[in-house]
Amino acid sequence: MSSVKKALIAIVVVVAILAMVGYAVATRNRGLLAVEAGVVIVQDIVQSVTANGEVKPLRYVNIGADVMGRITDMPVAEGDQVAQGDFLLQIESIQNEADVQSAQASLDAALAELEGMEASIRSAEASLFSAEVDKRRLEADFQLSQQEFDRARNLFEAELLSREQFQRQESAFEVAQVQLESADARIAQADAQRAQVLQQREGTRLRIGQQQAALTRARDGLEKTRRTAPLSGVITYLPVNVGEIAIVGLQNQPGTTLMTIADMSEITAEVLVDETDIVSLRLNQRAEVRVDALGEQILSGYVSEIGSSALTASGNGGISTTTTNTDEAKDFRVVITLDNPPDGLRPGLSCTATIETAREVETLSVPIQAITIREIDGNAVPDYVTNAVYNEPRPGEDLLAEVEGVFVIEGGLARFRPVQTGIVGTTDIEILAGLSESDQLVIGPYRVLRTLEDETAIRIQEAEEEDDES
């Protein structure tokens with residue numbers, strides 16, 4: 001027999017054997033459900049929250065106009081480094097200077113009037129003092145005249161004094177009495193004049209207070225035409241030019257911000273976290289930040305601020321707080337302070353932050369897709385399962401419970417086993433109880449795992465077979 005015939009016979013025998021093996025395998029696997037298998041492994045699990053946002057300085061100031069006017073001088077440009085107190089821009093101040101001069105003149109006039117009032121008060125007090133001195137002199141004259149009149153009356157009644165002499169003495173007494181009454185009137189008049197001048201002085205003092213307030217307001221308006229840097233930093237935004245009109249408006253309204261100064265020594269990533277993830281965030285949690293402009297470079301930082309109010313997208317693309325109950329998904333503002341920000345960072349750059357919320361070292365874990373929920377006998381729920389949901393049974397029905405679990409592969413069967421889960425990583429989930437290391441599990445495909453029943457006969461789907469089916 002030639003060598004060629006021997007080779008052909010050998011090939012035919014091999015093909016026949018392979019065909020018999022294939023037929024045996026196909027016959028054995030006929031009717032078995034094909035699944036993907038995995039095993040329980042021990043590894044580190046890191047639970048994290050991912051959110052998008054933008055780079056912002058920790059401290060920045062939007063400088064707006066407090067008075068309306070034309071910009072006459074602006075010696076700075078965008079990107080300039082400025083120190084606190086440096087001159088930034090000048091707004092036209094002719095009217096404000098005139099207001100200051102007018103208020104100052106009114107104040108000076110009121111002060112001069114007050115000095116005149118003080119002089120009038122001193123004059124009134126001197127007149128009052130002079131009237132009181134005259135009264136004391138007239139009182140002495142009146143007492144002397146009264147004594148002489150009494151003596152003359154006694155002598156007249158004793159017929160020792162003539163009527164003519166008595167009448168002269170009586171007239172002198174009446175004149176002294178009238179002069180004393182006139183002195184009282186002069187004192188009352190001088191006192192009234194002094195009180196009137198004192199009242200006028202109080203009115204003048206009140207007017208001086210008003211003029212001083214007006215001068216302060218005018219000077220404040222004049223000072224606001226000259227803007228200086230409220231903090232040291234970099235001018236990151238400068239939309240205006242010399243000659244344009246500065247407009248007074250609401251804070252952060254478009255068109256009313258003259259420039260923005262940012263302190264670039266401390267940089268943050270301000271991100272929006274979904275409401276379903278915000279409950280797991282805490283201050284000082286570590287975070288990794290990727291800035292789109294820096295490629296794959298990873299920046300480290302920590303959570304320094306967590307917003308307490310939900311934010312929703314407004315109609316103009318901005319963000320506003322809300323307290324209404326709507327079906328719209330809400331986000332929370334979270335600030336991450338970067339540890340060592342590179343020099344290339346600029347405010348407004350897009351970024352993505354991954355915040356570590358929990359970490360378990362050397363713990364049992366399975367792929368997330370292996371976890372499923374099944375309804376089992378409520379009396380058969382293991383003690384280690386704490387998150388079972390029990391359904392209220394109807395009369396005559398058994399108590400049932402919905403539990404998390406996996407399908408363990410044992411003896412060619414997929415058996416459902418309840419488990420207690422822990423933290424969730426990117427692709428794996430922690431197993432606290434219910435499984436052991438190296439247990440073999442059903443991990444897919446999802447269309448099979450979704451409807452897989454307990455004690456189902458299965459076969460493990462190989463990678464090549466999986467590719468063929470796909």
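Rounded to the nearest 20 debye, the dipole size of the chain about its Cα centre is 740 debye, using +1 on the Cβ of Lys and Arg and -1 on the Cβ of Asp and Glu. Net length available on complete extension from residue 98 to residue 151 is 11.2 nm, with 0.36 nm assigned per residue and the Cα-Cα distance removed. Working note: 222 nm ellipticity from helices only, DSSP H runs with n ≥ 4, each -39,500 (n - 2.57), summed and divided by the residues of the chain, gives -12500 deg cm²/dmol to the nearest 500.
Sequentially through segment 196-203, phi angles give Karplus couplings (6.51, -1.76, 1.60; θ = phi - 60°) of 5, 5, 4, 5, 5, 5, 4, x Hz, Gly and Pro residues having no value and appearing as x. Highest-first packing order for the peptide set 111-123, 334-346, 392-404 is 334-346, 111-123, 392-404, based on the mean count of other beta carbon atoms within 10 Å. With the simple model of a label 7 Å out from the Cα in the direction of the Cβ, residue 181 to residue 226 spans 7.1 nm.
Mind pulling the angle between the C-alpha long axis of helix 94-157 and the longest principal axis of the chain? Nearest 10 degrees, somewhere in 0 to 90. Helix 94-157 sits at roughly 40 degrees to that axis. Put the Cα centre of segment 50-73 next to the Cα centre of segment 77-119 and the gap is 27 Å. Going from the fewest other Cβ atoms within 10 Å to the most, the residues 99, 220 appear in the order 220, 99. Note on segment 34-83: Cα convex hull, mean projected area over all directions, 10.5 nm².
Taking a point 7 Å from the Cα of residue 340 along the Cα-to-Cβ direction, the residues of segment 267-303 with backbone N closer than 13 Å to it are 298-301. Of all aspartates and glutamates in the structure, the ones whose alpha carbon falls short of 19 Å from that of residue 224, not counting any fewer than 8 places away in one chain, are 66, 73, 86, 92, 97, 99, 244. Taking the longest Cα principal axis of the chain as reference, the axis of helix 3-29 is set at about 50 degrees. Dividing the mean sequence gap of close Cα pairs (under 8 Å, 6+ apart) by how many residues segment 96-223 holds gives a relative contact order of 53 percent. The string of couplings for segment 38-45 from the Karplus curve (6.51, -1.76, 1.60, θ = phi - 60°) is x, 10, 6, 10, 9, 7, 7, 10 Hz, one whole number per residue in order, with x for Gly and Pro.
Sorting 265-275, 353-363 by average packing, meaning the other beta carbons within 10 Å per residue, from highest down gives 265-275, 353-363.
This model, with +1 at the C-beta of Lys and Arg and -1 at the C-beta of Asp and Glu, gives segment 96-223 a dipole about its Cα centre of some 80 debye. Paramagnetic label reach from residue 133 (point 7 Å along Cα→Cβ; backbone nitrogen cut-off under 17 Å): within segment 148-186, residues 183-184, 186.
Per residue, the convex hull around the alpha carbon atoms of the chain comes to 389 Å³.
Taking label points 7 Å from Cα along the Cα-to-Cβ direction, residue 199 and residue 244 give a separation of 5.9 nm. Residue 44 to residue 392: FRET efficiency via 1/(1 + (r/R0)^6), r the Cβ-Cβ distance, R0 51 Å, to the nearest 0.05? Using R0 = 51 Å, I get an efficiency of 0.80.
Values in this text are rule-based calculations from the coordinates and carry no lab data. Keep in mind it's a predicted model, so treat the numbers as computed, not measured. Virtual Cβ from ideal backbone geometry, glycine too; neighbours counted across all protein chains shown.
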